[in-house]
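Q: Supplied in structure tokens, the structure appears directly below.
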Amino acid sequence: DRADDTVASYSSRGARRDNGDGNPLNELKPEVSAPGTNIVQAEGCVTSGGCNNFIGGDAADNGYTGRGSGTSYAAPAVSGILAMMIEANPDLTTAEMKEILKLTAERRGEPSNAAVDPFWNRDFGWGMVDAYEAVKLSIHLAEANLTGTVDVTSQVHISNSSLNESTGLHEIRGLAWGQAGSIASVEFRISDGSWSEATYETVEGGLGALERFEWVIALDPAQLDSGNQSIEIRGLNEQGAPSLPVFTTATGTGLGASDGAGFGVDLVTLSAGLIVLILLGLLVQGARIDEPETLRSLSTGASQRFVSDAVLLGDESVDGEEPKATTKRKKS
């Protein structure tokens, strides 16, 4: 992670001119960045004439001729990453490959159009490509049989993952939204355990495209197996299709549940007054969800062209049964 990276003076900046199609996302260019300035290059025989580039020739002594700059150097770097992703998972769709590059890129700079996307920057796009993370996520999709099933317009991102010293809980916070609809739920699992639902607020009438909401997961380290535990988080759209998953780790101090799945902690009120955590009971004791509050939209001036449903949680019954999920449609 090199925080001092800068974009070359000769490189184009975004966003591009609006094409009038009503979709503000496709104006967000560039999308990713890669090293392309002062790059060491292999020797070409046309330069010195003293090297071999014919079939069967020994090119071991060809050496290097100097350095070069431009998209002729950045684009091959990205192409090489894509080649490794395809080698790791030949069944990836082009849309999945593009979204993996964006999701795993190292963020650079402040957001340039936060109403449309909270991470895109006019100089770097969604960041500097990360070959290791891109290939790693490609392998995960293959191993989890997710290739070809992902909704690349569903966005789930982690904004913070750390231990809350005052509560003793490991809190994971993030944002979720749909680029062309809405996200019905955010789920997490520990290692390869069962999926549990994160805590988030709901909105009367649902959310439209590009309207974001916050979600929170609170984990009790004493209920986790000792050592670093992998936490996988995903969003599900209204049809149940998953987003690309995001990952973080939490350090456990106890024995944990047998399958690494959900577990219980006490009810905690989190900062900013935005979210009331509903912390789960031990699996053997069952789960309980309190009544959610109204969701506060985090985006302003966002396009309402694509409007979809949002899942709302009904009132908790008097006999202690779990609240039932209901659906309300946002009125246009």
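Q: Is the C-alpha gyration tensor of the stretch 45-138 telling us rounded, prolate or oblate? Criteria: a/c under 1.5 is rounded; beyond that, a/b larger than b/c is prolate, otherwise oblate.
A: oblate
Q: Pop a pseudo-label 7 angstrom from the Cα along the beta-carbon direction at both ALA83 and ALA60 and give the gap in nm to one decimal.
A: Placing both labels 7 Å beyond Cα along the Cβ direction yields 2.2 nm.
Q: Related question: Could you line up PHE119, PHE213 from fewest to most neighbouring Cβ atoms inside 10 Å?
A: PHE119, PHE213
Q: Under the classification rounded if a/c is under 1.5, otherwise prolate if a/b is larger than b/c and oblate if not, where does the stretch 87-222 fall, given a ≥ b ≥ c as square roots of the Cα gyration tensor eigenvalues?
A: Since a/c stays below 1.5, the shape of the stretch 87-222 is classed as rounded.
Q: Expressed in nm to one decimal, what extension gain is obtained for the pair ASP18 and ASN53 from 0.36 nm per residue of sequence separation less their Cα-Cα distance?
A: Additional length available on full extension: 8.0 nm.
Coordinate-derived values only; no laboratory data. This is a predicted model, so every value here is computed, not measured. All Cβ positions, even for glycine, are placed from backbone atoms using ideal geometry, and neighbour counts span all protein chains on display.
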